[in-house]
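Shown next, in structure tokens, is the structure this report addresses.
The values are calculated or read from the model by the stated rules, or taken from the named source; none is laboratory data. What you are looking at is a predicted structure, and each value in this text was computed from that prediction instead of being measured. Cβ coordinates were reconstructed from backbone atoms using ideal geometry, including for glycine residues, and neighbour counts include every protein chain displayed.
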Amino acid sequence: MKTNRIFWGISIMLFGGVMLLKTMGIFSFNIWRIMGPGFLILIGVWFIYNAMVNPKPSAPESLTIPVEGAEEIVLNLAHGAGKLQLKAANDAYHLLSGKFNNGIDSSVNRIGSVAEISLKPFSDPVDFVMPGNFHGVNWDMEINPDLPTSIELKAGANESILNLTKVNIKKLDISTGASKTDVYFSEKASYCTANISAGVAEVSLHIPSNVAANISVQGKELSSIKIDTNRFVQHGDNYQSTDYTTSENKLDIQVKPGLGEINIS
């Protein structure tokens, strides 16, 4: 990102210098006739430079968020092109820890006993004009296994693997674009709600054997829906475990499929 700013800063200075010489009468040609081709040449040089000098992603940035008296977690994730992985930590010493390549923009808002964590890719203003990241946005995170947790994920063209089997998850909201998403639901949470909104995506939802589920699918005409009907009995657009009313562990899922594929087992 720093190299990106230096390269384009020097390029702008060079163009400015040429325009100044033109204004001073040192150059007599029409500078505007070469601006377009010159800019295209610079873009080509930039792509070649990145491929030769920066063939591998930079070392990931580490982030650790302490508990500091929090009793509940609200996690907001905005993820672009790349890969996102989330699983339960082996201990409860931190709210969240992880490694993030190409930087991370994070914030923590503590209201009473609730810690609201927001994570999104680091955004450089120069990268908006001419991207310097050619390696994707790859996140590898671990979250506190004990505290009640709500997660909202807004994803673009990415791959997400949410292994929540050991997480005390109570709410999950996912909105995806052209992506692949795997969710392994918690086997320890007594009650959880999930809202899944998928675009041109492949979404696989894995429900533990000790969890009873009530599944509602809205607008499935243009998508491929595969649900284990031996376990989840179909009633129109609803699918439900036979022991849902008596189970100690329950999961309510609302699915809005797009043009992709939904697999629930």
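Considering only residues that are in contact with a Lys or Arg (Cβ under 9 Å, 6 or more places away or on another chain) and either of a type in the set (Val, Ile, Thr) or in a strand (DSSP E or B) (or both), which ones fall in region 75-84? Correct list: ASN76, LEU77, ALA78, HIS79.
When you check VAL233 against the structure, is it surrounded by 16 or more Cβ atoms within 10 Å (Cβ to Cβ), at pLDDT 90 or above and out of contact with any Cys (no Cβ under 7 Å at 6 or more places or on another chain), yes or no? No, not satisfied. Of the set (1) farther than 18 Å from SER186 by Cα; (2) more than 28 Å from the chain's Cα centre (by Cα); (3) acidic (Asp, Glu), all apply to ASP243 but (1).
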